[in-house]
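Please read the structure below before turning to the comments.
Each reported figure results from applying straightforward, stated rules to the coordinates on display, with no laboratory input. On a predicted model such as this, the values are computed, not experimentally measured, just so you know. Neighbour counts are summed over all protein chains in view; Cβ atoms, including those assigned to glycine, are modelled from backbone coordinates with ideal geometry.
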Amino acid sequence: MNYIETIDYLYNQLPVYQKVGGSAYKEGLDNSLALDEYFSQPHRKYRTIHVAGTNGKGSTSHLLAAILQESGYKVGLYTSPHLLDFRERIRVNGEKISEQYIVDFVAKHRESFEPIQPSFFELTMMMAFMYFADMKVDVAIIEVGLGGRLDSTNIITPDISIITNISFDHMQFLGDTLPKIATEKAGIIKQGIPIVIGEAEGEVRQVFEETAKRVNAPITFAEDMHLIESAKNASDGWLLEAKEYPHLKDELPGYAQLKNAATVLCAVDILKKSECNIPEEAVYKGFANVVELTGLMGRWQIIQESNPKIVCDTGHNAAGIKYIAEQLAHETYKNLHIVLGMVNDKDISSVLALLPKDAIYYFTKASIPRAMNEDNLKVLAEKQGLKGNSYPTVAEAVNKAMENAVSDDFIFIGGSNFVVADALEYLK
């Protein structure tokens with residue numbers, strides 16, 4: 001098989017959660033452990049950092065990767081989902097895995113892994129672990145796919161674990177209360193391994209404290225450290241006054257990035273205490289150049305600066321949309337156009353209730369089976385006072401928004417990773 005045929009095989013022969021949802025979700029670690037045994041535990045050949053959380057784990061992972069790269073380490077980065085190219089999921093020092101490696105991996109090991117019947121995520125995770133070993137990385141940052149306790153990635157023993165935050169998402173798998181969800185995420189807390197919690201309060205905080213105490217894991221709550229003393233928003237990101245890093249430029253402009261920045265700075269402090277050499281200059285360069293260094297996309301990404309301004313963001317649940325709505329409220333424009341699509345297993349009503357009612361909406365659906373029908377989304381949105389028309393593809397919705405917008409208008413594209421992916425594909 002060539003590369004296109006190999007990717008087609010991965011998508012169509014293995015259950016892909018991002019495309020079809022719950023039917024592709026395989027609870028438990030049995031498959032991961034079986035694959036791990038076959039491939040001889042490749043993740044033990046380098047240091048790892050494990051990153052979980054409802055929101056922000058992608059940005060946090062990329063920021064840490066950028067800082068460690070600038071510190072002189074060879075850094076593997078495993079994240080999901082991708083936006084334009086499968087190879088975005090597996091990177092070393094920002095460079096995507098080669099097409100040939102993917103082809104060779106599947107061809108060489110197919111007869112051995114097929115009897116295990118892995119999911120798409122389980123197999124691609126092991127592909128990443130093997131690639132990082134073959135590339136002889138110093139450290140790999142591993143983003144949890146879903147949850148924590150039973151996530152495929154939870155076979156690693158990291159140097160440090162990070163949980164960014166807890167909010168409502170994937171409730172059909174993780175539970176219908178925040179403490180239940182926190183319990184699942186807390187499953188990545190391991191015996192004696194330092195754990196950083198980005199933000200948590202009340203019963204959620206208690207879950208983390210009790211779990212950490214039970215396994216004797218040193219726990220740090222980033223928000224308790226007050227590492228960022230002030231922040232000034234600019235068009236090209238944030239200017240942060242951090243305790244140890246005055247005038248720290250953060251390239252990521254989203255409002256949610258302030259929490260992520262504090263979490264990353266807390267993790268850096270702990271890594272430095274564990275014989276990890278992270279110069280001050282590396283922190284500055286990592287924050288200032290994270291997009292170039294790691295290829296991060298879709299986080300309040302400015303596609304067009306003006307005439308009209310066009311921004312996309314992958315926030316897709318109530319906690320993520322809350323930040324987006326706040327940021328939209330601080331933008332200056334004549335008219336606001338919102339291209340919106342969602343997947344059908346989210347708490348859609350909670351998201352719609354947070355969105356501005358004075359915008360012109362373009363309801364659409366991404367090109368995956370999980371996408372909610374655009375007309376059904378329009379009906380739900382109208383109940384929340386949101387007005388607009390529906391379009392069967394993201395390309396049509398984006399095109400119509402651009403047709404209708406004048407130079408002083410603002411176009412926002414979001415609601416789902418897959419809407420952003422389709423929009424970037426169309427606009428590139």
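Measure off 7 Å from each Cα along the Cα-to-Cβ vector at D375 and N389, then give the distance between these two points in nanometres to one decimal.
The two pseudo-label positions are separated by 1.6 nm.
Pick out, in residue order, every one of the GluC sites (Glu not before Pro) in the stretch 301-335 that is DSSP loop and has at most 14 other C-beta atoms within 10 Å; say none if there are none.
Sites meeting the loop and neighbour criteria: E305, E331.
Fully extended, how many nm does the chain gain between N289 and S40 (0.36 nm per residue separation, minus their Cα-Cα distance)?
My answer for the length gained is 86.1 nm.
What would the Debye formula give as log10 I(q)/I(0) at q = 0.10, 0.16 Å⁻¹ for the alpha-carbon point model of the stretch 301-427, no solvent?
Evaluating at q = 0.10, 0.16 Å⁻¹ gives log10 I(q)/I(0) of -0.25, -0.66.
Please list, or write none, the lysines whose alpha carbon is within less than 21 Å of the alpha carbon of K185, excluding same-chain residues fewer than 8 places away.
Within the straight-line cut-off, K185 pairs with K26, K57, K213, K259, K346.
Please state, as a whole number in µm²/s, the translational diffusion coefficient that the Stokes-Einstein equation yields for the stretch 31-185 at 4 °C and 1.567 mPa s, with Rh defined as the Kirkwood radius across alpha carbon pairs.
My calculation gives 81 µm²/s for D.
Taking R0 as 41 Å, what FRET efficiency do you get between N2 and I302 from their Cβ-Cβ distance, rounded to the nearest 0.05?
0.70
Before rounding to the nearest 500, sum -39500 (n - 2.57) across all DSSP H runs of length at least 4 in the chain and divide by the residue total; then give [θ] at 222 nm in deg cm²/dmol.
-12000 deg cm²/dmol
Please give, to one decimal in nm, the separation of the simple spin-label points placed at K232 and A329, each 7 Å out from Cα toward the Cβ.
2.4
Can you tell which of G415, G388, G187 shows the greatest fluctuation in a Gaussian network model of the chain with Cα springs below 10 Å?
It is G388.
Compute from the Cα atoms of the stretch 3-294 the Rg and the Dmax, the latter being the longest Cα-Cα distance, and quote both in angstrom.
18.5, 56
With both partners inside the stretch 301-427, how many of the DSSP beta bridges are antiparallel, as a percent to the nearest 5? Write out the running numbers ahead of the final one.
Details: 4 of 22 bridges.
If we restrict to bridges inside the stretch 301-427, about 20 percent are antiparallel.
What is the packing order of peptides 269-277, 286-294, 79-87, taking the mean over residues of other C-beta atoms within 10 Å and listing the highest first?
Result, highest mean first: 286-294, 79-87, 269-277.
Would you kindly calculate the translational diffusion coefficient of the stretch 200-328, applying Stokes-Einstein with the Kirkwood radius from alpha carbon pairs, for 25 °C and a viscosity of 0.890 mPa s, and quote it in µm² s⁻¹ without decimals? Show your work: numbers first, answer last.
Values: Rh = 16.5 Å.
Estimated diffusion coefficient is 149 µm²/s.
What is the distance in Å between the Cα centroid of the stretch 69-101 and that of the stretch 176-253?
The stretch 69-101 and the stretch 176-253 have Cα centres spaced 24 Å from each other.
Out of every Cα-Cα pair in the stretch 363-409, what percent are more than 17 Å apart?
The proportion of pairs with Cα distances above 17 Å equals 40 percent.
Can you list the lysines whose alpha carbon sits under 20 Å from that of K400, skipping same-chain ones fewer than 8 residues off?
K309, K334, K357, K365, K378, K387, K428
Which distance in nm do the two modelled labels at E275 and K136 give, with both placed 7 Å along the Cα-to-Cβ direction?
2.0
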